[in-house]
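Participant: Below is one structure. I have some questions about it.
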Amino acid sequence: RFEPGRQGSEMVDDEFIADESSLRPKAGDRVLVGSTDLDWTPIEVSDGVIDVNVLIGQKVEHSVAYALCYLDSDNPQSELRLMVGSDDQAKVYLNGKEVFRSLFRRGFLEDEDVVENLKLRSGRNVLIFKIVNGSADWQGSIRLTGANGRPVQGLHTGLVP
């Protein structure tokens, strides 16, 4: 959680977990967030939308959530498209590099933002999604497609580093 009165757009660049761009957790790993010890917990979403308030079972405001997955690519891939939706602000890292940021306070709209021309290396890639919530709803979605909008071939997702 961050202090009420601070804007979510300020929180996008605050690291609530040290070295957030290089996270490599597995389920059950513990992480210190402020003075609170938390566990990395696997989640499954059937519709591609992460509803953080539903996942934690209560409405939480002035907070930040991190989602992470490992992408194993059979071959190097290029000209990929990242589709992002978030309520409110968000940041995305791919292999330790920031590839997307939204500083807007907004309601959720799936695929609202598009990042073009991303590349994956052959083998393990790491995707980190940071979602900042000011108040009320707290959702995000992220997906990777080919330049044509179709699923990426030879790509496998997982939660084990």
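Participant: Mind checking which residues of the range 41-73 are surrounded by fewer than 17 Cβ atoms within 10 Å (Cβ to Cβ) and among the β-branched types (Val, Ile, Thr)?
Facilitator: Passing the criteria: THR41, ILE43, VAL45, VAL49, VAL54, ILE56, VAL60.
Participant: Can you name every residue in the range 113-134 that is open to solvent by 40 Å² or more (accessible area, probe 1.4 Å) and outside any loop (DSSP other than H, G, I, E, B)?
Facilitator: Here is the first cut: in the range 113-134, the residues open to solvent by 40 Å² or more (accessible area, probe 1.4 Å) are 114, 116-117, 119, 121-122, 124.
Matches in the range 113-134: VAL114, GLU116, ASN117, LYS119, ARG124.
Participant: Assuming ASP137 fulfils every condition listed in (1) more than 25 Å from GLY154 (Cβ to Cβ); (2) out of contact with any strand residue (DSSP E or B) (no Cβ under 8 Å at 6 or more places or on another chain); (3) open to solvent by 70 Å² or more (accessible area, probe 1.4 Å) apart from one, which condition is it?
Facilitator: Condition not satisfied by ASP137: (2).
Participant: Looking at SER63, SER78, SER73, which is the one that is in contact with a His (Cβ under 9 Å, 6 or more places away or on another chain) and small (Gly, Ala, Ser)? Spell out the reasoning first.
Facilitator: On the way: SER63 fails: in contact with a His (Cβ under 9 Å, 6 or more places away or on another chain); SER78 fails: in contact with a His (Cβ under 9 Å, 6 or more places away or on another chain).
That would be SER73, the only listed residue that is in contact with a His (Cβ under 9 Å, 6 or more places away or on another chain) and small (Gly, Ala, Ser).
Participant: When both residues are 6+ apart or on different chains and their Cβ atoms are under 7 Å apart, which pairs have a first residue that lies in the range 142-161 and is under 17 Å from GLU116 (Cα atoms), and a second that is open to solvent by 80 Å² or more (accessible area, probe 1.4 Å) and assigned to a strand (DSSP E or B)?
Facilitator: THR145/PRO151; ALA147/GLU79
Participant: Are there any pairs, at least 6 apart or on different chains, whose C-beta atoms fall under 7 Å, with the first in the range 28-51 and more than 16 Å from GLY140 (Cα to Cα) and part of a strand (DSSP E or B) and the second open to solvent by less than 80 Å² (accessible area, probe 1.4 Å) and among the β-branched types (Val, Ile, Thr), and if so, which?
Facilitator: If the second residue must be open to solvent by less than 80 Å² (accessible area, probe 1.4 Å) and among the β-branched types (Val, Ile, Thr), the pairs left are VAL31/ILE17; VAL33/ILE17; LEU38/VAL31.
Participant: Just give me the residues in the range 83-112 being open to solvent by less than 60 Å² (accessible area, probe 1.4 Å), aliphatic (A, V, I, L, M) and touching a Ser or Thr at 6+ places or on another chain (Cβ under 6 Å), in sequence order.
Facilitator: If the condition is that a residue be open to solvent by less than 60 Å² (accessible area, probe 1.4 Å), aliphatic (A, V, I, L, M) and touching a Ser or Thr at 6+ places or on another chain (Cβ under 6 Å), then ALA90 is the only one that fits.
Participant: Please determine whether any residue of the range 3-20 is free of Cβ contacts under 8 Å to residues at least 40 places away in the same chain, aromatic (Phe, Trp, Tyr), open to solvent by 30 Å² or more (accessible area, probe 1.4 Å) and not in a helix (DSSP H, G or I).
Facilitator: No.
Participant: Hey, does the range 141-160 have a residue that's assigned to a loop (DSSP other than H, G, I, E, B), surrounded by fewer than 17 Cβ atoms within 10 Å (Cβ to Cβ), touching a helix residue (DSSP H, G or I) at 6+ places or on another chain (Cβ under 8 Å) and not basic (Lys, Arg)?
Facilitator: no
The values are calculated or read from the model by the stated rules, or taken from the named source; none is laboratory data. Predicted model only: the values in this text are computed from it and were never measured. Note that each Cβ is placed from the backbone with ideal geometry, even for glycine, and that neighbours are counted across all protein chains shown. Heads up: the accessible areas ignore ligands, DNA and RNA and are worked out on the full protein's heavy atoms, side chains in. Shrake-Rupley method; radii C 1.70, N 1.55, O 1.52, S 1.80 Å.
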